[in-house]
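> The structure under discussion is supplied below as structure tokens; questions concerning it will follow.
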Amino acid sequence: MDAANFKRIPRHVGVIPDGNRRWAVNHGMGKECGYEWGIEPGFQMYEMLRDLGVEELTLYGFTIDNTKRPAKQKRAFQDACVKAVEQLSREDAELLVVGNHNSAAFPKELIPYRVRRSFGKGGVKVNFLVNYGWDWDLHNPGGLASADISPMDLIIRWGGRTRLSGFLPVQSVYADFYTLPELWPDFSREQLYRALLWYQNQDVTKGG
């Protein structure tokens, strides 16, 4: 499919890539192994959305609450976030990492990306939420910590859960929310198309 197959394309898509740990257990691995398997699906999706003309993409890396998990899992999702950024640096994109960088849980390798940086020819704005917390965002002394992220049009959550889990509360106020039952490492083109086709028929009045 290409943009001509859709009557409207969301300008900004938010993604909650859930189910990595469950996927790993289902495949006979330790829970911590699932995070690395979630990196490549993110790039497949990024390329699809870029080609469709989506202008901005926000992904959940990990939350402040996630850091309460066992140390082995914590190291695994921190490492996966760093690897994802290293790989993105070889694409055409504009990256911003948002999260509590004053915490030891925030990977030091990502500190330079707290200000949006352009890779290659630039292009899609990619926002990566790392060590992010909704209350940290809202109560940042300097104002909204995620102020450089625009309102989302569509949020897609993999893994079957039907909650936002604190995902950008300000930017999600009028976003349509679609849940997929498949676990994130099992990402396929068909799943993304399913969400985008559903989005075609949603109300866009924003309360008006």
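Quick note: the coordinates plus some simple rules give every number you see, no bench work behind them. All values derive from a computational prediction rather than experimental measurement. All Cβ positions, even for glycine, are placed from backbone atoms using ideal geometry, and neighbour counts span all protein chains on display.
> Between R11, R22, R189, which gets the highest mean-square fluctuation from a Gaussian network model of the chain, Cα cutoff 10 Å?
Ranking R11, R22, R189 by mean-square fluctuation puts R189 first.
> What does DSSP give for the chain in terms of the percent of beta bridges that are antiparallel, rounded to the nearest 5? Numbers along the way, then the final one.
Details: 3 of 29 bridges.
Within the chain, antiparallel bridges account for around 10 percent of the total.
> Would you kindly compute the Cα radius of gyration of the stretch 3-199 and its largest Cα-Cα separation (Dmax), both in Å?
Reported Rg and Dmax, both Å: 15.8, 46.
> Using a simple spin-label model with points 7 Å from Cα along the Cα→Cβ vector, what separation in nm is obtained for V204 and S150?
Each label point is offset 7 Å from its Cα along the Cβ direction, giving 1.4 nm.
> Taking the chain, how many lysine pairs are there with alpha carbons less than 23 Å apart, if each pair must be eight or more places apart or span two chains?
The result is 16.
> Hey, another quick one. Explain nothing, just the number: dipole magnitude of the stretch 3-199 about its Cα centre with +1 on each Lys and Arg Cβ and -1 on each Asp and Glu Cβ, in debye rounded to the nearest 20.
Working: 25 positive and 23 negative charges, 71 e Å.
Result for the stretch 3-199 is approximately 340 debye, rounded to the nearest 20.
> For N140, what residues show an amide H to amide H distance below 5 Å, using hydrogens built from the backbone and excluding near sequence neighbours?
Answer set, sorted by chain and number: A145.
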